[in-house]
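In what follows, a structure is listed as structure tokens, so that the remarks can point back to it.
The values are calculated or read from the model by the stated rules, or taken from the named source; none is laboratory data. This is a predicted model, so every value here is computed, not measured. Cβ placement follows ideal geometry from the backbone for every residue including glycine, while neighbour counts extend to all protein chains displayed. These area figures cover heavy atoms from the full protein model, side chains too; ligands, DNA and RNA do not enter into them. Shrake-Rupley method; radii C 1.70, N 1.55, O 1.52, S 1.80 Å.
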Amino acid sequence: MKISMDIELKDIPGQLVLALKPVSDFGGNILSVLHQREKKTPSGKIPVQVVLEIAETATAERRLEGLVEELKKQGVNVVRVGKERLRESVVVLLIGHIVHTDLRETIDKIDRTGFAEVVALTLSMPGVNKKSSASVTVSAVGREELKAALKILEATADGKGIAVVSPI
Amino acid sequence: MKRKNETVRISIIGFGYVGSGVAEVVTRKRAEIARKHGLDLKIVGVADLRGVVVDEDGLSAKTLRKLSAGERGVGSWKEAAAEGLTSLDLIKEVEHEVVVEATPTNVETGEPGLTHIISALEAGRHVVTSNKGPLALEYRRLTELAARRGRELRFEAAVGGAMPLISLVRQNLAGNGVISLRGILNGTCNYILTRMAEEGLPYEHVLKEAKELGIAETDPSKDVEGTDTAVKLVILANSVFERNATYKDVAVAGITEITTDALRLASEAGFVIKLIGEVNKEGFLRVAPRLVPKADPLNVGGTLNVAKVKTDLAGEITVIGKGAGPIEAASAVLSDIIWTAKHF
């Protein structure tokens, strides 16, 4: 089970370690951590988004609750715990020799981030030597992650000579 | 109420598409402008590769029409060539207030427009131009020269044609901080993408059609590869965002890769594809085909141009208009002439 969690940390040294330590103690595996220093809250705290995975066993829910309790005990402000993790989506188009340049690898690069996935793909292949066009829907846990995923997609496509048409 | 009209003497350098359009609207609107603005506009000279024609009392409507249609070495142009005047003689030696610089854009050297504009400002004349080259290459140098000489340099026609964009931001939205500006600044690309999307026709087919209709030039590379949009963005970055950008600062992609399949897939997802130029106050300059939601104000069809200005006070303001065409460009030139005449 993948979980995204928004927490807020005090702006003093050692807080991030303090907040991440309990995750492994409760059997969780951290997939991504987004430390948003530039987005301090009005009370001067630093928002952090953590995406983690907890093995889907009978005790998963209980372990998650335990983790949240522990974080609160450590003075970490837990703002949101979400199991519906992919909240932001975007459609982009790819034009070029998409299949011949290993479409699967392009998709894998997004999926491997842990914070974003390719959730839909429509492919149009007019002929063997002609350019294909594809519409790709990418979903991510948050807006920033979505931007990061798009950057990865753009860089990957660029390296393969594929044109990317992204939304305004 | 003024009793006597103030005379504004004008020269037109570059008497092609835009220049003759300016002559036509000045002639057509002369009485109206005198009545509404108290200005008597007089074209005292025109110049281009065919020669230089001067009449210090103002060229007649009939002469201007003949010159528009006339070929090199024929009629008035033949007489003009015999006199041996150059465009710089007209700019420097003939007494007048406003130089309209409407020679073709050259983004590599800016010439001959650059020399024309510099000479005009140095001779103490105001300049109204539709020429993108000198502005994209030497914006700061030209505006500083104009300021030193206490003269006006205006260029509404260079960006967005008839669409008021520079004066919208500088005058109408004065006091606002501009956050970003994005839009469709090339009518040729918009025509091609609109036709491809609506008819499901391939790029090459629509490009050929656009050439036949005179919407695309014989060599359309500047338009379809995004160069023209990029040059306009540079002018906007420098004039609206007070940057010192050049063409090299723009990330440019054109529309040549766009397929009908891509347009269909975009449509199925609720989008159209448009060539969007984007500039913001951080100095980010980008031209690229982008997905525009069908309901977005930036989704305009045909050869129309559109620009969405995001400001800190007024929020978002969108203008839509014709980006090209001799009369449309002349409309922007004429407004700049009238503004200049009224403020100096």
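Laid out as a table, the results:
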| quantity | calculated |
| --- | --- |
| Percent of alpha-carbon pairs separated by more than 32 Å within chain B | 32 percent |
| Karplus (6.51, -1.76, 1.60) ³J(HN,Hα), θ = phi - 60°, over segment B:176-193, in Hz, Gly and Pro reported as x | 7, x, 8, 8, 7, 9, 9, x, 9, 10, 9, x, 4, 4, 5, 4, 4, 5 |
| Phi-based couplings in Hz for segment B:311-324 (Karplus 6.51, -1.76, 1.60; Gly and Pro marked x) | 10, 7, 9, 7, x, 9, 10, 10, 10, 10, x, 7, x, 9 |
| Global form of segment B:72-117, assessed from the alpha-carbon gyration tensor, a/c cut-off 1.5 | oblate |
| Shielding by partners, peptide B:262-268 (average Cβ within 10 angstrom, other chains) | 6 |
| Share of carbon and sulfur in the accessible heavy-atom surface of segment A:88-165 [1.4 Å probe, %] | 51 percent |
| In the B-A interface, the accessible area buried, summed over both sides, Å² (probe 1.4 Å) | 1500 Å² |
| Of the GluC sites (Glu not before Pro) in segment A:79-161, those whose Cβ has at most 12 other Cβ within 10 Å and which sit in DSSP loop | A:Glu84 |
| Contact order normalised by residue count of chain B, Cα under 8 Å, 6+ apart, percent | 19 percent |
| With DNA, RNA and ligands ignored, accessible area of B:Ser60 (1.4 Å probe; Å², nearest 10) | 50 Å² |
| Amide H contacts of B:Ala216 (H built 1.01 Å from N, under 5 Å, at least 5 apart or other chain) | B:Lys211 |
| Computed helical MRE - 222 nm, the protein assembly as shown, DSSP H runs ≥ 4 contributing -39500 (n - 2.57), nearest 500 | -11500 deg cm²/dmol |
| Trypsin sites (Lys or Arg not before Pro) lying in DSSP loop within segment B:247-344, provided at most 13 other Cβ fall within 10 Å | B:Lys294 |
| Heavy-atom surface of chain B, accessible at 1.4 Å and reported per residue (Å²) | 44 Å² |
| Largest-first principal axis extents, alpha carbons of the protein assembly as shown, Å | 97, 57, 36 |
| Phi-based couplings in Hz for segment A:42-52 (Karplus 6.51, -1.76, 1.60; Gly and Pro marked x) | x, 8, x, 8, 9, x, 10, 10, 10, 10, 9 |
| Cut-off under 5 Å, modelled amide H: who pairs with B:Val8 long-range | B:Asp40, B:Leu41, B:Lys42 |
| A:Asp6, A:Asp25, ranked by accessible area, largest first (probe 1.4 Å) | A:Asp25, A:Asp6 |
| Unsatisfied cross-links (Cα-Cα over 28 Å) in the set A:Lys72/A:Lys151; A:Lys109/B:Lys222; A:Lys39/A:Lys160; A:Lys147/B:Lys294; A:Lys2/B:Lys310; B:Lys208/B:Lys308 | A:Lys72/A:Lys151; A:Lys109/B:Lys222; A:Lys39/A:Lys160; A:Lys2/B:Lys310; B:Lys208/B:Lys308 |
| Charge sum, other residues only, whose C-beta stays under 13 Å from B:Ala216's C-beta, Lys/Arg counted +1 and Asp/Glu -1 | -4 |
| Förster radius 30 Å - calculated FRET efficiency between B:Glu93 and B:Lys342, Cβ distance, rounded to 0.05 | 0.70 |
| Spatial separation of Cα centroids for segment B:265-297 and segment A:66-137, in angstrom | 21 Å |
| Assigned charges on the beta-carbon of Lys, Arg, Asp, Glu; segment A:2-82 dipole about Cα centre (debye) | 280 debye |
| Residue of B:Ala307, B:Ala136, B:Ala123 that the Gaussian network model of chain B assigns the largest fluctuation, springs spanning Cα pairs under 10 Å | B:Ala123 |
| Among B:Thr218, B:Gly321, B:Leu263 - extreme Cα towards positive end, dipole of segment B:169-321, charges at beta-carbon | B:Gly321 |
| Pair B:Asp57, A:Glu53: separation of 7 Å Cα→Cβ label points (nm) | 9.1 nm |
| Taking segment B:1-80 and dividing mean pair separation by its residue count, relative contact order in percent (alpha carbons under 8 Å, at least six apart) | 30 percent |
| Restricting segment B:71-140 to GluC sites (Glu not before Pro) in coil, as DSSP defines it, with at most 15 other Cβ within 10 Å | B:Glu71, B:Glu95, B:Glu108 |
| For chain B, built as a Gaussian network whose Cα springs stay under 10 Å, the top-fluctuating residue of B:Leu90, B:Leu173, B:Leu236 | B:Leu173 |
| Within a Gaussian network of chain A (alpha carbon springs, distance under 10 Å), most fluctuating of A:Val119, A:Val48, A:Val128 | A:Val128 |
| Distant alpha-carbon pairs in segment A:77-167 (separation over 16 angstrom), percent | 53 percent |
| C-alpha long axis of helix B:227-240 to longest principal axis of chain B, angle in ° | 70 degrees |
| Sequence-separation-based contact order of segment A:1-92, relative, with Cα cut under 8 Å and 6+ spacing, percent | 44 percent |
| Largest to smallest accessible area among B:His343, B:His116 [probe 1.4 Å] | B:His343, B:His116 |
